[in-house]
Amino acid sequence: VQSGSFREPCCPQLEAAMVAQAPMFALQAATPLRQLRRVSISDASSIGVERLGQGLVLRAHVFGGMPRDRRSSSPGVAVLTASSVFMLAGRWQESVGRGRRRTARCSRGGAAAAGEEKSAVVIGAGPAGLAAALMLAKDDWNVVVVERTSDPASYDPSRGFMYLIDGRGQRCLSELNPNLLGGLQAASVSMMETKIGILTPKGLQATVNPMKDKTRNSYWLPRHILVSLLLEEVRSNSRIKLIAGAKLTSIHQGSHGGVDVQGSSEGESWAVRGSLLIGADGMRSQVRTQMEEWDGNRGRFVPEQFDSPSAGLRYKVLTLPSTFKLEVDGGMQDLASDCMYSVRGAASTGSKLKFGLIPVRADFGSRTANLITKPEDTLWEVSDVAGLRAYARQQWPHFPIEELVPESELVRFAQDRGGYFPKPQLSPGAAWAGEPKDGVSPAVAIVGDALHCFPPDIGQGVNSALEDVMVLRDALRAHAHGGAAGAAVQAYEAARMPDAAALVEMVCFSAPFQYSQSPWRSRFWTVSFLGRFLLNKALPSIFDLPTFLLVQRSELPYREVLRRGRRGAQRATAALLALGLAAGTVVLRAWWL
């Protein structure tokens, strides 16, 4: 509003009238415009006109907050009474088409622009959150991504997570942008080419992966590299706005439909609105907690936890050079970056711990060595470099870590308290839709760890999260008419929950003893696993693979993987019992005769 006339919306500057102390002001015909404060709001996310009593509301929702000297935690609003209605409405009708084309980064909220433009808010800028933002933007949504950390792609040496991206994750990246999949392949190590090395005091034994599937390829890469690839794509997309270093203060239903999210970043307040809210904010999801409150605290969004032999194990991560030499069998030998190694412990007393080295590209310059132990292991009593050196010489005399890493890394590793594998957990609900207001129904969905979280036993954490995004995309497309986000998220829940439940169930038994936390049970699991693998090789039409391998067939839904895995286990058990009965019969006959 300027000089008593309506000014067409434009970016990056939007002129609006507002009062210093109040977010809403009734402008009478005789009110001089000089009594109003004129402010510039940069990067507006939406502008709309809606009825309020006898007047119209010109409402601007802000991405990044007000200018530093005129901040407000509420969006700027100007209310015009009947004296200005006809002029404003007429100019709005003339300019709405041109305004929409010129505001690619703006989205008209609620009933403002006949629902032609769609707005969404994504909480969390991990792989699932960034993929969700790209998915929405590709389908003409305007998206705000809110992230707690200042740099989503930063490297945390105390975690150093590695991802194995299988067909599920690859399919998601390819559909978002084929260049993303190409970037993934260029920055990763192919599982097809990876060799396995076992290092013990007796020497180094290297072999090819005996269980790789030549028809399916997976790729190893560090988490921060995958996030960097997605983040680069997000930052080049004009429909997506990222708010980093954000602290959420409230998530609430908007008075005119949709969901309002408020918070602060670098000391500045901001408020964003969307008809769709996606929670990709991890296992302690704030979005999921809000969904439970809106649902009447009935327990539909309180995660159910399940027992698993790997839950509660502790881990810590040592950062090594990507390639280095060791004296092995009387000579120096390279430990190549594109090879997977298991460094076996050799302690004479107590547990024998092993380092696991995951392959990376040599040009990264570093790689991680994961150490996974029981929570009560004596390793966690070590807190200084001297104690670490003494412990390492006893446990890994064939792997001198003090010669491989600088003193600063030894100090960090000794002092690091590591992390814990979580219990498998599943939210009973994946979506919530509120009552429509002014034609807009607030819709919320959760993806990734916010929906299902578990230890990394079968490598499906990131892959299942990216598949969540694809299932949500399909539901939104199926209900694209009229912008029915509420119906779409309910369809997403109906489609995804059976697979999410199957995934969490299979994690509990598929490969929980691979960490040698219980030697005898680990041996029993290994024998059972190898037995079923060999039965499948001999009679593939009768005996299914174990779920640990079957889950790599990304064309199968998780519920089908679970069904076949159970069937294979039942048939293998029946075959074993039949074999035992036959052997017993032979022995009895021989003894009787």
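The values are calculated or read from the model by the stated rules, or taken from the named source; none is laboratory data. All figures in this text were calculated on a predicted structure; none of them were measured in a lab. Positions of Cβ are generated from backbone atoms using ideal geometry, with glycine treated the same way; all protein chains shown enter the neighbour counts. These accessible areas exclude ligands, DNA and RNA; they are computed on the full protein's heavy atoms, side chains included. Shrake-Rupley method; radii C 1.70, N 1.55, O 1.52, S 1.80 Å.
Observations, loosely collected:
- Test: residue in region 301-320 that is in contact with a strand residue (DSSP E or B) (Cβ under 7 Å, 6 or more places away or on another chain), over 30 Å from Ile358 (Cα atoms) and not basic (Lys, Arg): yes
- Within region 432-469, the set of residues being closer than 14 Å to Asp499 by Cβ and assigned to a helix (DSSP H, G or I) comprises Gly448, Asn463, Ser464, Ala465, Leu466, Glu467, Asp468, Val469.
- Selection over region 523-556 of residues that are in a loop (DSSP other than H, G, I, E, B), of a type in the set (Val, Ile, Thr) and open to solvent by less than 60 Å² (accessible area, probe 1.4 Å) gives a count of 1.
- Residue in region 168-188 that is touching a Ser or Thr at 6+ places or on another chain (Cβ under 9 Å), in a strand (DSSP E or B) and open to solvent by less than 60 Å² (accessible area, probe 1.4 Å) present: no
- Among the candidates Lys247, Lys195, the residue that is out of contact with any His (no Cβ under 7 Å at 6 or more places or on another chain), more than 27 Å from Leu451 (Cα to Cα) and either surrounded by fewer than 21 Cβ atoms within 10 Å (Cβ to Cβ) or small (Gly, Ala, Ser) (or both) is uniquely Lys195.
- Of all residues in region 192-215, those satisfying the criterion of being at pLDDT 85 or above and among the charged types (D, E, K, R) are Lys195, Lys202.
- Some residue of region 324-335 being assigned to a strand (DSSP E or B) and closer than 23 Å to Asp416 by Cα: no
- Test: residue in region 347-367 that is within 20 Å of Leu320 (Cβ to Cβ), of a type in the set (Ser, Thr, Tyr) and touching a Ser or Thr at 6+ places or on another chain (Cβ under 6 Å): yes
- Subset of region 449-478 (residues that are of a type in the set (D, E, K, R), open to solvent by less than 10 Å² (accessible area, probe 1.4 Å) and within 14 Å of the chain's Cα centre (by Cα)): Asp468
- Residue within region 498-507 that is in contact (Cβ under 8 Å) with a residue 24 or more places away in the chain, surrounded by fewer than 21 Cβ atoms within 10 Å (Cβ to Cβ) and not in a helix (DSSP H, G or I) present: no
- Residue match in region 344-353 (condition: in contact with a Phe, Trp or Tyr (Cβ under 6 Å, 6 or more places away or on another chain) and at pLDDT 90 or above): no
- For region 365-416, the set of residues classified as farther than 21 Å from Gln333 by Cα, in contact (Cβ under 8 Å) with a residue 60 or more places away in the chain and not in a helix (DSSP H, G or I) consists of Asn370, Ile372, Thr373, Lys374, Pro375, Asp377, Asp416, listed by residue number.
- Residue list for region 367-377, filter: surrounded by 14 or more Cβ atoms within 10 Å (Cβ to Cβ) and either small (Gly, Ala, Ser) or out of contact with any strand residue (DSSP E or B) (no Cβ under 8 Å at 6 or more places or on another chain) (or both): Ala369
- Restricting region 511-522 to residues that are free of Cβ contacts under 8 Å to residues at least 24 places away in the same chain and open to solvent by 30 Å² or more (accessible area, probe 1.4 Å), the residue that is nearest to Tyr420 (Cα to Cα) is Pro519.
- Just one residue in the set Ser236, Ser218 is open to solvent by 60 Å² or more (accessible area, probe 1.4 Å) and not charged (D, E, K, R); that residue is Ser236.
- In region 234-248, the residues that are of a type outside the set (A, V, I, L, M, F, W, C), within 23 Å of Asn177 (Cβ to Cβ) and not in a strand (DSSP E or B): Arg235, Ser236, Asn237, Ser238, Arg239
- Of Arg273, Arg300, Arg284, Arg288, all but one fail to be without any contact (Cβ under 8 Å) to a residue 24 or more places away in the chain and within 26 Å of the chain's Cα centre (by Cα); the exception is Arg284.
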